[in-house]
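Heads up: the structure comes next, in structure tokens.
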Amino acid sequence: MKKIVLLLAFVLALAVGCASSDVRLTQDEIYNKFKSIASLDKSLAQAKENEVDVFAPEGFVEARDRLTESIEFARKGDEGQAERKARKGLKILKKAETDAENAKQFMWEVNGYRERARKAGATELFNKEYENVERMLREACVLFEHGKINEAKDCRPALLNTYGKLEIRALEEGTLGFAKAAFEQAKYIDADDYAPKTFQLARKELNLAMSTLQMDPANIDKANEHAELSSALAKKACQIADLARVFERRKYSREDVLLWYWQQLTKINEPFEDELNFEQPNRMVIRSLHDKINSLVESQHIAENIRKGYEEKERRDRIAKQKFEYVQALFNSREAQVYRKGDNVLISAHGFYFPSGGSEILAQNFELLNKIISAIRQFPGSRLEISGHTDAIGDEKTNLPLSRKRAENIAKFLVKVGNFKSADIITKGYGESRPVASNKNAEGRAKNRRIEMMIFND
């Protein structure tokens with residue numbers, strides 16, 4: 001009996017131990033732990049935005065399946081398999097993205113009709129029919145993925161025809177439909193009696209929209225233009241009819257109408273200090289009000305431009321400061337000092353090593369030169385002045401040409417290795433004439449032996 005009890009206790013402890021070790025990671029924990037899985041998930045989301053799932057559907061689905069598998073392996077604790085599946089998915093997705101781009105080029109005309117159908121509102125108005133033609137497009141793209149070019153090509157006429165029909169139907173029920181509805185509303189409230197000129201113009205534009213589509217279904221933009229104008233005119237006719245009815249109900253005389261009109265102008269003029277002078281001709285009253293509003297708008301534009309200019313200056317200053325701080329952080333105190341002079345940046349590099357009396361660039365200077373190249377690249381389109389300086393050891397006749405030669409060699413290196421334009425670089429040599437420290441001690445002389453690079457951004 002004791003043996004049975006002990007056996008049961010052992011089995012129970014083992015079960016509890018196994019259960020406690022089976023700690024499954026959440027999806028967020030998996031993404032934090034496995035960068036390749038997170039990268040695949042993010043890449044799939046971006047690929048879907050680029051419609052890779054439409055133009056390379058099999059590759060997209062296969063990459064998505066690898067993501068599902070990698071997450072499952074990660075939850076089981078099989079890190080090796082999780083990483084392999086994720087990397088495989090990324091590789092598959094990269095190929096799918098290339099296939100999708102090729103399919104878009106192959107189906108460029110179909111895609112054009114598709115975009116026009118979507119723009120016309122076919123996705124909302126005829127969702128079922130639109131999904132059917134999308135399925136046809138995916139099937140054609142699968143053929144393209146498999147290299148069956150001729151079979152994929154045979155699908156194009158049906159796709160063009162279906163997307164084209166959806167576009168026309170959407171236009172007729174969309175922009176053209178709104179125009180028809182607006183016109184019918186105007187007709188219903190007898191706008192043709194109260195605003196006959198505006199009503200007839202709305203009718204004319206509606207007829208032009210319909211005839212444009214009938215004669216040339218591809219001329220959608222022109223049809224839309226006429227339909228939108230018809231809709232606007234029909235709504236205007238309705239507004240005129242509504243206002244005319246108000247005057248009718250209140251039994252306004254012509255004088256009452258004009259007094260009401262002056263009252264409206266007076267309300268518009270209220271924000272201004274002076275009053276409108278209705279003793280002058282109406283055109284002068286309107287011109288006066290027009291000039292006031294124009295002046296107000298202009299002053300607002302000026303204020304807005306000043307604000308934008310200030311914001312732009314702040315933005316440029318912020319970027320310039322960030323670039324300066326980046327350049328400053330590139331160099332340690334043994335290599336160079338960096339100074340900001342307005343928009344320009346000066347790099348005073350005292351960390352160069354030249355052999356005594358020599359100007360050739362030695363390999364030990366390459367690290368510092370690479371940092372200088374990185375610094376200059378922060379300022380595309382800038383001009384560069386490179387100047388050489390020496391200490392006071394030796395005579396001026398030797399130091400002056402030596403400093404110039406060192407500056408020239410630095411410039412040649414920047415052109416050859418950094419790919420900077422030689423036309424944007426000038427070189428100068430100052431010898432010992434511009435010391436920045438005392439020449440009486442070794443430390444000061446080391447600071448005086450320098451190459452300065454002024455980066456001009458103004």
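Overview of values
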read-out	value
Net dipole in debye of the range 273-329 [+1 Lys, Arg Cβ; -1 Asp, Glu Cβ; about Cα centre; nearest 20]	540
Centroid-to-centroid separation of the range 349-409 and the range 121-176 [C-alpha atoms, Å]	66
Convex hull of Cα atoms in the range 331-456, direction-averaged projection (nm²)	7.3
Rounded to whole Hz, the Karplus (6.51, -1.76, 1.60) HN-Hα couplings of the range 449-455, x for glycine and proline	7, 8, 10, 10, 10, 9, 9
Efficiency of FRET between ILE149 and GLU115 - r from beta-carbon atoms, R0 22 angstrom, step 0.05	0.45
Residue order, fewest to most surrounding Cβ atoms within 10 angstrom, among VAL257, VAL110, VAL338	VAL257, VAL338, VAL110
Under 18 Å from LYS341, Cα to Cα: aspartates and glutamates that are on another chain or at least 8 residues apart	GLU314, ASP317, GLU325, GLU385, GLU452, ASP458
Distance in nm between pseudo-label sites at LYS421 and GLN300 (7 Å out along the Cβ direction from Cα)	4.4
Extended-chain gain in nm, criterion 0.36 nm per residue less alpha-carbon gap, ASN457 and GLN322	47.1 nm
With at most 14 neighbouring Cβ atoms within 10 Å, loop trypsin sites (Lys or Arg not before Pro) (DSSP) excluded, longest segment of the chain	25-147
Whole-Hz couplings from phi, Karplus 6.51/-1.76/1.60, listed for the range 66-74; x for Gly and Pro	5, 5, 4, 5, 5, 5, 5, 5, 5
ASP343 long-range amide H proximity, modeled H, under 5 Å	none
Förster radius 56 Å - calculated FRET efficiency between GLU312 and ASN161 (Cβ-Cβ, nearest 0.05)	0.65
Across LYS94/LYS308; LYS292/LYS321; LYS153/LYS204; LYS119/LYS187; LYS95/LYS371; LYS94/LYS371, pairs whose alpha-carbon gap is larger than 32 Å	LYS94/LYS308; LYS292/LYS321; LYS153/LYS204; LYS95/LYS371; LYS94/LYS371
Exposed-loop-free span, longest in the chain, where GluC sites (Glu not before Pro) count as exposed if DSSP calls them loop and at most 11 other C-beta atoms lie within 10 Å	1-272
Cα centre as origin, Lys/Arg/Asp/Glu Cβ charges: the chain dipole, Debye	1860
Theoretical ellipticity at 222 nm over the chain - DSSP helices of four or more residues, -39500 (n - 2.57) apiece, nearest 500	-24000 deg cm²/dmol
At R0 = 30 Å, FRET efficiency that the Cβ-Cβ distance of GLU367 and GLN46 yields, to 0.05	0.20
Calculated Rg/Rh (Cα atoms, Kirkwood Rh) (choose from [x] 1.12; [y] 1.20; [z] 0.97), label	[y]
Note, ³J(HN,Hα) from phi for the range 431-444, Karplus 6.51, -1.76, 1.60, rounded to Hz, x at Gly and Pro	x, 9, 6, 10, x, 10, 8, 6, 8, 8, 9, 5, 5, x
Cross-link reach list, aspartates and glutamates versus LYS33, counting only Cα pairs under 13 Å and skipping chain neighbours closer than eight places	ASP78, GLU79, GLU83
Residues whose placed amide H lies under 5 Å from that of CYS155, excluding near-sequence neighbours	none
Selected from SER333, ILE37, GLY112, residue furthest toward positive end of dipole (the chain; charges at beta carbon)	SER333
Dipole of the range 331-456, positive direction: furthest Cα of ALA446, GLY358, LEU368, with charges on the beta-carbon	LEU368
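Every number here is computed from the coordinates shown, using simple stated rules; none is lab data. Because the structure is a prediction, the values reported are computed rather than measured. All Cβ positions, glycine included, derive from the backbone under ideal geometry; neighbour counts span all protein chains shown.
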